[in-house]
Structures are given as structure tokens and as C-alpha cells.
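Taking it in order: structure first as C-alpha cells, then the write-up.
No value in this document is a laboratory result; all are computed from the given coordinates. Just so we're clear, the structure is a prediction, and the values are computed from it rather than from any experiment. Note that each Cβ is placed from the backbone with ideal geometry, even for glycine, and that neighbours are counted across all protein chains shown.
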């Protein structure tokens, strides 16, 4: 953990929630059809009385951040938005879902060297791409990419355990039954190893162990053994 991360956690001021990203598109109706086909929630579709301004607002499932596109909302070149990350708990499952929705999406890949950057470095994905997820599905290292009709670039990134210092709350939330089920499956597998280490006896306190595992995984703390 970097010293900057530690200092920031003690210098909290007014909450600043990042909630909206503007996506430049050339054809609003085509973009609407595409993002609706992903299963994203349409929050707003507003057109001014004179037709000059149109604002379309979508939110991905479980996301606290939304996208905005439309007519006369940005001067950016259509397709110039790149490196838009969608965090998922299982990149292979998420990819299959998008394929089922008719989305052209690349194969799951990871970097051969497995190097994770320092706190002040960008993740330079694709340096040496290897097909398939990172071994043991380590967080932050497995990806799949796709584009919208204008070429705006999206990237699925698999994250199950947050790195220390990246979550400033002890409140664990799950935005879908699928994410909760996936977390419980990971906890179940880890608890099976825990019971092996403790002599193979059934752990009567397994609910407490599961709860600690889910909290630790979400907040970037050391997982229970």
C-alpha cells in the first residue's frame, strides 16, 4: 500500500462520488440500441423542445457510475473514449452473457508476465497477451474487450478481492444475486481448504467464517485461513 493511500484515508473531506461519464457517439439512436442490448438500464432520454439537445443516460447492472451520450453534449470525436473499465466478478461468465446478447467481444486474456503496476502506474494491458484468464483468477489481471458501434472501447476486468486501501468502508454490498452466489462459492471453496487444515472436522462456526471471508475479500484485508 502506498503512503499516499494511507494519508488520503485519514484526510477525508466532502464525499465526491464519480457517477457519470460522457461517451461521444455519432448516431444517438444506434448507440441507444446498442447499450440497451447490453441489458443496461435506461435512466433518461431527454430532447429539448427545439431539438438541439438530446441526452441519453444508461447505467450498467450494479454500477454506481453511468454513461451519458446524445446530441450536442460533447465536442469529443465519436469513438475517442477508450479504456472504459467494467469490473466483474467472473470475466468468463460476463463475456458469455455479452456474447448471448449479440455483442462482438474478444477472448478472455491476461498478461504473460503477470506484473501488477505500482499505485502511480497505469495498467499497460496487452503488452504480452496470453489467451485465457490469469492463473487462479487473481484479481485485476483477467480481461476481455469490446467496442460500441462508434469504436468507444470497453474492457471487462475481473476483480474478486480488492487491494488493501482501495475500499474505505466495512460495509459489504452485493448488487445482484449472481455476484453474491459467486462470492459464496469462493468462500465455500476456501472454507473447504480451511477444514482440511484443521483436521477435516466439520466447522460448526462456518457462518462466522463465511462472513469474515466475504468482508475481508471485499475490503482488501487478509483472508481467513
Query raised in the report: What ranking do 98, 156, 184 get, fewest neighbouring Cβ atoms within 10 angstrom at the top?
Result: 184, 98, 156
**Report entry** Potential lengthening between residue 201 and residue 173 on full extension [0.36 nm per residue; Cα-Cα distance subtracted]
**Finding:** 7.0 nm
Report task. Determine Rg/Rh for segment 17-77; Rg is computed over alpha-carbon atoms and Rh is the Kirkwood hydrodynamic estimate from the same atoms. Result -> 0.96
Query raised in the report: Over segment 17-77, what is the percentage of antiparallel beta bridges among all DSSP beta bridges, to the nearest 5?
Result: 80
Query raised in the report: Fewest first, what order do 173, 59 take by the number of other Cβ atoms within 10 Å?
Result: 173, 59
Query raised in the report: How far apart, in nm, are the 7 Å Cα→Cβ label points at residue 208 and residue 33?
Result: 5.8
